[in-house]
Every structure is written in C-alpha cells, then in structure tokens.
Amino acid sequence: MEFQAAGFDPVSAHWGAWAFFHQPSSQCAILDGFVKMNVEGKGLPGATDNRVMIVQDRLCTPAALRRSAQAHRPANDYEKAFIRQQWGVTWDKSQKAIKDEKQAEEDKKKGPVALLPPPPSVLYTMKYPNSPCLIVKMEYPEEEEAASLEGEVDARCHFVKKEDHMWYAENCSFSSKNKNFKASAKDYMQRVCWADENRPSFVDVQNGTGDGVLHLDYSLESSDFR
C-alpha cells in the first residue's frame, strides 16, 4: 500500500514489497528502501527519481528479480533460500554458467584446439591391457624424499623379449652412491617391462635381446629413466 501510494503500479508495488523483505540484494529492494524512507517522511533527496526508475525500467517484476538473483550474491542464507524457492536459481550456479559461457566464447574465437595425444603409458595400457608392468613407476625412497635428496642409478642389464611379447630386464647390476636409491632401482627393474614402442634404444628388436645401461634419475620433480 505504501508503494502504491508512492506511485508504483500494482505489479511493481507487490514485487517491490516482496523483494524488500525477501531479496534485499536486488536493485529493486535497494531503491525500494529509499522510496520507503521518503514515504515515511525522511525526506531523502532522489526518492522520486528512484520511483520513476523502478516503474519505467520494470525493476520490480518477476523477470527482473530472477535476473537479479542470478547476477547478485545473496546477502545471507535466508535470502538464498527465498531466491531458490521463488525463482529456482542460485547465484553460485549462475556465476559458473556465466563463466562457462564466456570461456566457450573465448575458445570459439581462438578456433579449434589441437588435441594432445594421450601419454605413452595410456597408449600402452590400451594396446596391451594384460600387461600392467608397462606402467610400473619407480618408488622414491621415503627417507630421501623427506630430506629432499636427489640421486641417480646406472642399471646395467640384459634385456630379453618373453612369451607375452614384452621386454624384461635380467641379471642387472646397479651402480649408485646411495643404497636406498639403489634398492628402489632394483625393485623397479624387477617389476617393469617394455613394449617394442617404448623399449630402451639399445635393444635389438630383430634378435629379441640386448644389453645396455639404463640411467635412472631420481629427482623431486620426476623419476624416470633416460
């Protein structure tokens, strides 16, 4: 009744009153406050302009309040509950949708993105699903990792292809200044295998055998042979 007396149309008056109590973060409710104070005799300047803006721009309508619910963070959990109940939207989900839409627009401007190939371990797993030894990783010794120590091990081995068509290391000897890195390398070489595609470079595919040295590098960034 106060808003209608201030010159609001019935729709703006109804939803303006609802927003004043249930959606205070909305522009409708904020401007309502100035109009209400003027009606109560506070005599704040600009109240008439606020009323005109609300009515002309249709700021206190269901459509405007729903848009506001998506664009403005709720003032508290009570407002969030009222908004979700009334409009079926929440600010956080709407913001994610807006970000996703903007990202999609940016990606569209950049053009098609070349897809990176899967890492070798994934390819080998897909091609040889029954050979889990293809993706065995070296274990970093806990004591050395805790002390941020790095090291290296040279593994001199005989390599042979077995019945499952995988390459395995045999009769290895290990050279390292650190016994824990050495033990880790020994465990790794006993469990790991290689397919033709990722075999050590010195292995002879034609003869199905080979001898050579793998350099096992233990660094805090990555652990792999080179």
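For the reader, a short list of remarks on this structure follows.
- Rounded to the nearest 500, the helix-only mean residue ellipticity at 222 nm of the chain stands at -14000 deg cm²/dmol, with each DSSP H run of n ≥ 4 adding -39,500 (n - 2.57).
- For residue 205, the solvent-accessible surface computed with a 1.4 Å probe is close to 50 Å², ligands and nucleic acids excluded.
- Translational diffusion coefficient of region 162-226 (Stokes-Einstein, Kirkwood radius from Cα pairs, 10 °C, 1.306 mPa s): 122 µm²/s.
- For the chain: relative contact order, % (alpha-carbon pairs under 8 angstrom, 6 or more apart): 14 percent
- For the chain, the solvent-accessible area with a 1.4 angstrom probe is 65 square angstrom per residue.
- Each label point was placed 7 Å from the Cα along the Cα-to-Cβ direction; for residue 142 and residue 92 their separation is 3.7 nm.
- Using equal-weight Cα scatterers in the Debye expression, the normalised intensity of region 46-104 in log10 at q = 0.15, 0.16, 0.28 Å⁻¹ is -0.55, -0.61, -1.04.
- Among 166-174, 16-24, the order from most to least packed when residues are scored by Cβ within 10 Å on average: 16-24, 166-174
- When each of 110/137; 127/161; 137/161 is checked by Cα-Cα distance, pairs over 28 Å: 110/137
- The chain: Cα Rg divided by the 2.2 N^0.38 Å rule of thumb: 2.02
- Surface composition of the chain: carbon plus sulfur atoms hold 53% of the accessible area, using a 1.4 angstrom probe and ignoring ligands, DNA and RNA.
- Magnitude of the charge dipole, the chain, Cβ model with Lys/Arg +1 and Asp/Glu -1, debye to 20: 880 debye
- When the surface is traced with a 1.4 Å probe over the full set of protein chains, residue 58 keeps roughly 110 Å² accessible.
The values are calculated or read from the model by the stated rules, or taken from the named source; none is laboratory data. Keep in mind the model is a prediction, meaning the values are calculated, not measured. Every residue, glycine among them, receives a Cβ derived from its backbone with ideal geometry; neighbour counts consider all protein chains shown. Surface areas here come from the heavy atoms of the whole protein model, side chains and all, with no ligands, DNA or RNA. Shrake-Rupley method; radii C 1.70, N 1.55, O 1.52, S 1.80 Å.
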